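Participant: Before I ask anything, let me first share the structure, which is written out below as C-alpha cells.
The values are calculated or read from the model by the stated rules, or taken from the named source; none is laboratory data. Keep in mind it's a predicted model, so treat the numbers as computed, not measured. Here the Cβ positions follow ideal geometry from the backbone for every residue, glycine too, while neighbour counts run over all protein chains shown. Accessible surface areas use protein heavy atoms only, side chains included; no ligands, DNA or RNA. Shrake-Rupley method; radii C 1.70, N 1.55, O 1.52, S 1.80 Å.
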Amino acid sequence: TVVEIIDTTKNRNEVAAITDHGTVGSWMNYYNYAKKTGLEKPLFGVEGYISKYRDEIIDLNKQIKDDKKSKSEEIIEKKKERKEYIKNKFHIIVIAKNTEGFYNIIDLMNDANINGFYQNPIISQNLLLKKKGLIVTSACLAGNVGRAIMNKDINAAKEYVELMKESFGEDFYLEVQANGMQEQKNVNKVILALAK
C-alpha cells in the first residue's frame with residue numbers, strides 16, 4: 001500500500017516512486033500521505049504500456065470496429081495486422097524528474113487514454129521521445145529489452161537501449177530485478193553486459 005511504501009522509505013532513508021500499471025490514479029493518496037508524514041520528495045511515475053506502432057494499432061482497431069459485422073477477408077487481414085502490431089507493445093517505467101516531467105507524464109497518460117486506448121492506455125513511443133524532465137527505465141521482463149533478450153534478439157535490445165540513451169541520456173536506466181525467476185536471472189546477465 002501507499003502507506004507501507006512511504007513508511008518503509010522513510011524508515012530506511014531511501015527513495016521510492018509510485019508507478020502503478022497504466023494509471024496515475026494513486027498519485028493523490030501518495031502525495032497526501034507523503035506530505036502528512038514529512039517525506040520531502042515523493043517521486044511520481046507510471047509503469048506504462050508503450051508502442052512505436054500505437055497509432056497503427058488504434059487506426060486498425062477503429063477500422064475493424066466500424067465494420068465489425070463483416071466477415072470479409074479484408075477485416076480478417078486487418079485483425080492479423082493488428083495482432084502483429086500488438087506484439088510490439090511493451091512495459092516502460094517513466095518517473096518525473098522535476099515539475100516539467102510531472103506534467104509530461106500527465107500529458108502522456110491523457111493522450112494514451114484519449115487517443116491510444118486498446119486493451120490498455122498505450123503511450124506513443126514517438127511522443128515519449130519528445131518529452132523532457134523524465135527518468136525512464138527498461139522495465140520488467142515485459143519491457144522491450146527484456147522481451148528482446150528472451151527472444152534471443154540481442155541486436156533489437158541494443159538498438160532500443162541506444163535509442164533511449166540518445167533521447168534521455170543519463171536519465172535512462174536498464175532495470176534488473178531480483179525476483180528469483182530463472183528467466184529474470186538470464187535477462188539480468190545480458191542487461192548487465194549491455195550496460196557495460
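Participant: If amide hydrogens are placed 1.01 Å from N in the peptide plane, which non-local residues have theirs closer than 5 Å to the one on Phe117?
Facilitator: Under 5 Å from the amide H of Phe117: Ile122.
Participant: May I ask you to give the percent of accessible area on the chain that is carbon plus sulfur, with a probe radius of 1.4 Å? If you can, show how the numbers build up before the last one.
Facilitator: Numbers: 5760 of 11600 Å².
Carbon and sulfur atoms account for 50 percent of the accessible area of the chain.
Participant: Among Tyr33, Tyr173, Tyr160, which one moves the most in a GNM of the chain with springs linking Cα atoms closer than 10 Å?
Facilitator: Among Tyr33, Tyr173, Tyr160, the largest GNM mean-square fluctuation belongs to Tyr33.
Participant: Just to be sure I understand, if you calculate Rg and Dmax of the Cα atoms in Å for this structure, which of (1) 18.5, 61; (2) 25.9, 84; (3) 16.7, 47 do you get?
Facilitator: (1)
Participant: Continuing with this model, one more query. Given a 1.4 Å probe and heavy atoms of the protein chains only, how would you sort Lys165, Lys36, Lys41, Lys78, largest accessible area at the top? Don't jump to the answer; show the numbers that get you there.
Facilitator: Working: Lys165 100, Lys36 165, Lys41 130, Lys78 35 Å².
Reading off the accessible areas and sorting them downward yields Lys36, Lys41, Lys165, Lys78.
Participant: Please report how far the C-alpha centroid of segment 128-196 lies from that of segment 1-45, rounded to the nearest whole angstrom.
Facilitator: Result: 24 Å between the Cα centres.
Participant: Under a 10 Å cutoff between Cα atoms, tell me which one of Gly48, Gly180, Gly116 has the largest fluctuation in the Gaussian network model of the chain.
Facilitator: For the chain, modelled as a Gaussian network with Cα springs under 10 Å, the answer is Gly180.
Participant: Next question. Per residue, what accessible area does segment 112-196 have, given a 1.4 Å probe and all protein chains present, in Å²?
Facilitator: With the other protein chains kept in place, segment 112-196 gives 56 Å² per residue.
Participant: Can you tell me how much longer the chain between Asn88 and Thr23 gets when fully stretched, taken as 0.36 nm per residue apart minus their C-alpha distance, in nm with one decimal? Could the numbers behind the result be given before it?
Facilitator: Numbers: separation 65, 0.36 × 65 = 23.40 nm, distance 2.00 nm.
Extra length available between Asn88 and Thr23 comes to 21.4 nm.
Participant: A further question follows. Would you calculate, for the chain, the mean residue ellipticity at 222 nm contributed by helices, counting each DSSP H stretch of 4 or more residues as -39,500 (n - 2.57) and dividing by all residues, to the nearest 500?
Facilitator: On the way: 9 runs with 106 residues, N = 196.
That comes out to -16500 deg cm²/dmol.
Participant: Could I ask something else about it? Counting DSSP beta bridges in segment 70-196, what percent are antiparallel, to the nearest 5? It would help to have the intermediate numbers written out before the result.
Facilitator: Working: 6 of 9 bridges.
The antiparallel proportion sits near 65 percent.
Participant: Right, another one. Report, by chain and number, residues whose modeled amide H sits under 5 Å from the one on Phe172, excluding near sequence neighbours (fewer than 5 apart, same chain).
Facilitator: Residues meeting the amide H criterion: Val136.
Participant: Quick one: which of Lys52/Lys132; Lys65/Lys89; Lys130/Lys158; Lys65/Lys130; Lys52/Lys83; Lys130/Lys165 span more than 22 angstrom between C-alpha atoms? Working shown, then result.
Facilitator: Working: Lys52/Lys132 18 Å; Lys65/Lys89 20 Å; Lys130/Lys158 20 Å; Lys65/Lys130 31 Å; Lys52/Lys83 14 Å; Lys130/Lys165 13 Å.
Too far apart for the 22 Å limit: Lys65/Lys130.
Participant: I'd like the orientation of helix 99-115 relative to the chain: the angle between its Cα long axis and the longest Cα principal axis, in ° from 0 to 90, rounded to 10.
Facilitator: 30 degrees
Participant: Moving on. Looking only at Gln184, Gln125, Gln63, which one moves most when the chain is put into a Gaussian network model with springs between Cα atoms under 10 Å?
Facilitator: Gln63
Participant: Now for a different question. Among rounded, prolate and oblate, which fits segment 68-171 when a ≥ b ≥ c are the square roots of the eigenvalues of its C-alpha gyration tensor, a/c under 1.5 means rounded, and a/b larger than b/c means prolate?
Facilitator: On the way: a/c = 2.88, a/b = 1.42, b/c = 2.03.
Cα axes put segment 68-171 in the oblate bin.
Participant: For segment 21-91, what does the alpha-carbon gyration tensor say about shape, rounded, prolate or oblate, given a ≥ b ≥ c as the root eigenvalues, a/c under 1.5 as rounded, and a/b over b/c as prolate? Numbers along the way, then the final one.
Facilitator: Details: a/c = 6.10, a/b = 3.33, b/c = 1.83.
The shape class here is prolate.
Participant: Students often get this wrong: which residues of segment 18-37 have the backbone nitrogen under 14 Å from the point 7 angstrom along Cα-to-C-beta of Lys10?
Facilitator: So the set is 30-37.
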